[in-house]
Every structure is written in C-alpha cells, then in structure tokens.
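**Student:** Here it is, the structure, as structure tokens.
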Amino acid sequence: MVPTRRSLLGLAGLTGVAGLGALSGCSSSDAQVDPELGPMATPEDSGTVTFQIWDKAQEPAMLGIVAAFNQHYPNIAVSVNTTGYANYFEMLRIQAIGDELPDVFWINGPNFELYASEGMLQDLSGLEGMDPENYPPNLNELYTYQGVQYAIPKDFDTIGLWYNRELLHRAGVDEPTESWTWEQYREVSETVTRALGSEQIWGNSGGLAPQAYIYPLIMQAGGQILLDGKTKSGYDSPEAIEAFSFLEGMVADGIAPDVRYTTENTPKDLFNSGRAALHQSGNWEAAVFKDSPVFDQLGVAPLMHGNREANVIHGIGQAMNARSRNKPAASAFLAFLGSEEANLIQAAAGAANPAFIGTNDAYVESIPEFSLDIFIDAAETAMAYPASKNTEAWLRLEELFFPKIVMGEVESGAQELAERMNEVLADE
C-alpha cells in the first residue's frame, strides 16, 4: 500500500500528534510514487540518500559505514542526520505526516508495526543481496508484518545479569552462574543488603525496566506479555502475578530499593557507582560500564531462571521510506547497511552488537574484560520483544501501573493494567 496523506490521519490521531493540523486529500505527487522497489543503483550511478539515526555514540561508526559504502558507490552522497532518542519518533511522525520521511532510517520494535501497517515502510522482499538467513530468526520476526519483512536487523540486544564481584565477596557470597534461580537471586540480594546496607549498598539495583527486568521475569514464570495473536494482555495471568509478586516481595522486605528511591537513584547509576551488587540489564550497558569508576569489579553472567529459562531479544531495524524519490540509491545503501562488511565495521567500533550472524567476535573483543559472548549465546533462544501496532500506548500504561503493582497492589494493579491494555489492543 502506498500511503496517502489521508491515510496518515489515522497515524496522527493514534500517536498523539493530531495537533499538527488537519491533513486531507492526497498529495499531488502520490501518482508519481512507485510502490515497487525497482532496480538498485549501479556503482557508476549517482544519487543522494538521507539516513536518520538516534544515537550520537554510534554516529562515528555509521559515518565509517558511509565511507566504506562510498568505496563501492563513489557517486552516491549519503547525509547522516542524528536526532536524540527522546525526540526521534516524534520527529519521525511529523515527517511521515508531512511526506518528508528520510530515505533510510532506524526503526525499533515498539514502533515498527505502526509504520508498517500504515504502508510507510518499503517491502524489502526484493532487495538485492538481502538474505534473512544472515540474521537471527527472532529478529527477522520482529521486523516482519503480515508475512513481509520491512526492515533489516542492524544489531541486537539481550539481557544478562551484571554483577559487582567485590561487593559479593565482601558479603561472603559467590559470583552468579548460569544455574542461578530466582530464589538464589533473592537470597544473595538479601545477604548483600543486610551486610552492606549501612554503606547505602543494595543487593540488587531494583527498577521497573520492561525489557530488561519485567518481561524476562514474566516469561521465566511461563507467561507472555501479549496473548491470542496480540489481541489480549497477559498481565493478569497467574504467571505475571507470580513475577510481580517476586519483585514486590523484595521491595516489601527491604531487599531491593523501592520506586521512590530509584526515581532519584536510577538502577544503572546505583550499579555504575558501586552501590548495588546485582543489576539485570542488556548488553547496551557495556558502553557505559567500560568507563565506570568500578570497572575492574564488574562482570556479567547469564540470566537467572524461574519455571523456565527465558530472555528477550530486541534491536534496531533499518528501513526504507516506501515513498522515497531516491529508491535506486537508497536500495544500494540499505543493502550495504545489511552486509557483512558494514556489520563488521560497527562491531569493531564497539558501537553495537551486530545482527549479521558470524560478525560478533569483533564486538565481544572490543571490551574483553566483560563476557559479552553471553549476550550472543542468549540470542539463540530469546523471545522477540513484545510489540503490536500501537505499542507506545500500552508502554505508557506500563509506566503508570508498574509502580503501583510493585509497591503492593499486585493483583488489583495487574488486573487494571490488563483491562486498560486490552482496550488499546481492541482499537488496533
């Protein structure tokens, strides 16, 4: 489907940017836009490509990829525009409504289905050189809508258990292993908190991070965030209640910091400053912790497990504007972004864990002090990040209800969250 300005009205209302003004009718250039991918530019062709990203820390690696691309396509100019993540998707929505999306841009799981369902992403099934077999199947799944892949996986993140070995040893407990259970996590958290709490040190960093903490726990209990083909919330399931009760119990017993405390002292900051022994989070933390004042005390282990082992995989996707006026050049650039060569460049820069299978060694070796290979291994069985057409709407509900649930309203809060989330899912 080629999106018209009329179809974007639904996007405006759905994403909260209707205040941009009413748009009606079709763009005068609609008939000129070919929904097909068409032929890719040759190395002799000239052209321009706009490329939009959201991470300033990854900009040098992306510029390195552009330079390598120009070794193959010297006459195609690629301009990189970096917008901070906090404003990135607001800008993208404005660009979509104004028919000004960049030629190639980053997308993520929570926003992917919205843009794919509105026909704004180019069908990549005919992209020359793009082979889904080069990427983990669960990442391809994340960027597939109604059986069609609309984005190439760029990188991926999974979740691990970061730990401070010195704090653990001071409290008289061993470092975590892959066999740790929820019970062991709780016991060690309590031991460290009781032993070192007078120094304002916690056994674990607490928090309510959905991808890094809540989702894996619910999945480890045997549950899911989305049920019945993404039409129903799983937050009122017995498995979700079990996970929430586990977190609430640690807060109630003073083993983990409560929500009020972590509002002022974020879990990442607690761990990074040596004030928490355990911190469950993703491989994206490596870029921060390599500069930590307690760097030489830090390590990472596989996640603990509950009724089963479970992890969450997510990552950036690279998409093309379905209405791009520069499709030949954009196709060539997007295909290069998904290539082994480009993935090796970002891996060597330590910018991100590359999605292209077999290119992870350079990333793992970029910070050899951390066992980053545990994140690679986790990708084999991790579950795709839960997402629907309007993920952002129920993410806001999570922000509202998670604190109430973990601060004591476990069953009533989870029930109300599920009911409100079901209303959102029913409107998709």
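The values are calculated or read from the model by the stated rules, or taken from the named source; none is laboratory data. It should be emphasised that the depicted structure is a prediction, and the values quoted were computed from it without experimental measurement. Glycine also receives a Cβ, built like all others from the backbone with ideal geometry; neighbour counts cover every protein chain displayed. We work out accessible area using only protein heavy atoms, side chains counted, and drop any ligands, DNA or RNA first. Shrake-Rupley method; radii C 1.70, N 1.55, O 1.52, S 1.80 Å.
**Student:** By average Cβ neighbour count within 10 Å, what is the ranking of 282-288, 343-349 from highest down?
**Tutor:** With the highest mean Cβ count within 10 Å placed first, the list reads 343-349, 282-288.
**Student:** If you don't mind, there's one more thing I want to ask. Can you pull the percent of the chain's accessible area that's carbon plus sulfur, 1.4 Å probe, other chains left in place?
**Tutor:** Carbon with sulfur: 48 percent of the solvent-accessible area.
**Student:** So what are the ³J(HN,Hα) numbers for the range 232-241, from phi and the Karplus equation (6.51, -1.76, 1.60; θ = phi - 60°), rounded to whole Hz, Gly and Pro as x?
**Tutor:** Coupling constants for the range 232-241: 9, 7, x, 6, 9, 6, x, 5, 5, 4 Hz.
**Student:** Sorted by packing (mean other beta-carbon atoms within 10 Å per residue), highest first, where do 232-238, 59-65 land?
**Tutor:** Highest-to-lowest ranking by the protection proxy: 232-238, 59-65.
**Student:** How large is the dipole of the range 231-298 about the Cα centre if only Lys and Arg carry +1 and Asp and Glu carry -1, each at its Cβ, rounded to the nearest 20 debye?
**Tutor:** 180
**Student:** Using modelled backbone amide H atoms (1.01 Å from N, in-plane), which distant-in-sequence or interchain residues come within less than 5 Å of Asp155's amide H?
**Tutor:** Ile316, Ala355
**Student:** Scan around Ala384 for amide H atoms under 5 Å from its own, H built in the peptide plane at 1.01 Å from N, and keep only partners 5 or more places away or cross-chain.
**Tutor:** Long-range HN contacts for Ala384: Ile313.
**Student:** Could you rank Lys154, Lys56 by how accessible they are, 1.4 Å probe, largest area first?
**Tutor:** Numbers: Lys154 5, Lys56 135 Å².
Sorted descending by solvent-accessible area, the residues read Lys56, Lys154.
**Student:** With θ set to phi - 60° and the Karplus curve 6.51 cos²θ - 1.76 cosθ + 1.60, what are the ³J(HN,Hα) couplings of the range 135-141 in order, to the nearest whole Hz, using x for Gly and Pro?
**Tutor:** Once rounded to whole Hz, the list reads 10, x, x, 5, 7, 4, 4.
**Student:** Related question: How large is ³J(HN,Hα), in whole Hz, for each residue of the range 289-297 in order, when computed from phi with the Karplus curve 6.51 cos²θ - 1.76 cosθ + 1.60 and θ = phi - 60°, using x for Gly and Pro?
**Tutor:** After applying 6.51 cos²θ - 1.76 cosθ + 1.60, I find 6, 5, 10, 5, x, 10, 3, 6, 9 Hz.
**Student:** While we're looking at this one, here's another question. Which cross-chain or sequence-distant (5 or more) residues have an amide H under 5 Å from the amide H of Trp202, H modelled 1.01 Å from N in plane?
**Tutor:** Correct list: Ala276, Ala277.
**Student:** Among His314, Ile345, Gly299, whose Cα lies farthest out toward the positive end of the dipole of the range 279-405, if unit charges sit on the beta carbon of Lys, Arg (+1) and Asp, Glu (-1)?
**Tutor:** In the range 279-405, that residue is His314.
**Student:** Excluding same-chain residues fewer than 8 positions from Lys404, which aspartates and glutamates have a Cα within less than 16 Å of its Cα?
**Tutor:** Hits, sequence-local ones excluded: Asp236, Glu242, Glu248, Asp258, Glu416, Glu419.
**Student:** Magnitude of the Cβ-charge dipole of the chain, K/R +1 and D/E -1, about the Cα centre, nearest 20 debye?
**Tutor:** Working: 23 positive and 59 negative charges, 190 e Å.
Around 920 debye, computed over the chain.
**Student:** If every alpha-carbon in the range 67-115 counts as one equal scatterer, what log10 I(q)/I(0) does Debye give at q = 0.21, 0.27 1/Å?
**Tutor:** -0.83, -1.07
**Student:** Probe 1.4 Å, all protein chains in place: accessible area of Asp34 in Å², nearest 10?
**Tutor:** Asp34 exposes around 90 Å² with every protein chain in place.
**Student:** Here is a further query. Excluding ligands and nucleic acids, what accessible area in Å² is computed for Glu36 using a 1.4 Å probe, to the nearest 10?
**Tutor:** My reading of the accessible area for Glu36 is about 120 Å².
**Student:** Determine the distance separating the Cα centre of the range 351-396 from the Cα centre of the range 162-235; give it in Å without decimals.
**Tutor:** Between the Cα centres of the range 351-396 and the range 162-235 lies a distance of 19 Å.
**Student:** Right, next: Could you report the range 283-428's accessible area per residue, 1.4 Å probe, as an integer in Å²?
**Tutor:** 39
**Student:** May I pose another question? In percent, what relative contact order does the chain have, based on Cα pairs under 8 Å that are 6 or more apart in sequence?
**Tutor:** Numbers: 806 pairs, mean separation 108.2, N = 428.
The normalised contact order for the chain reaches 25 percent.
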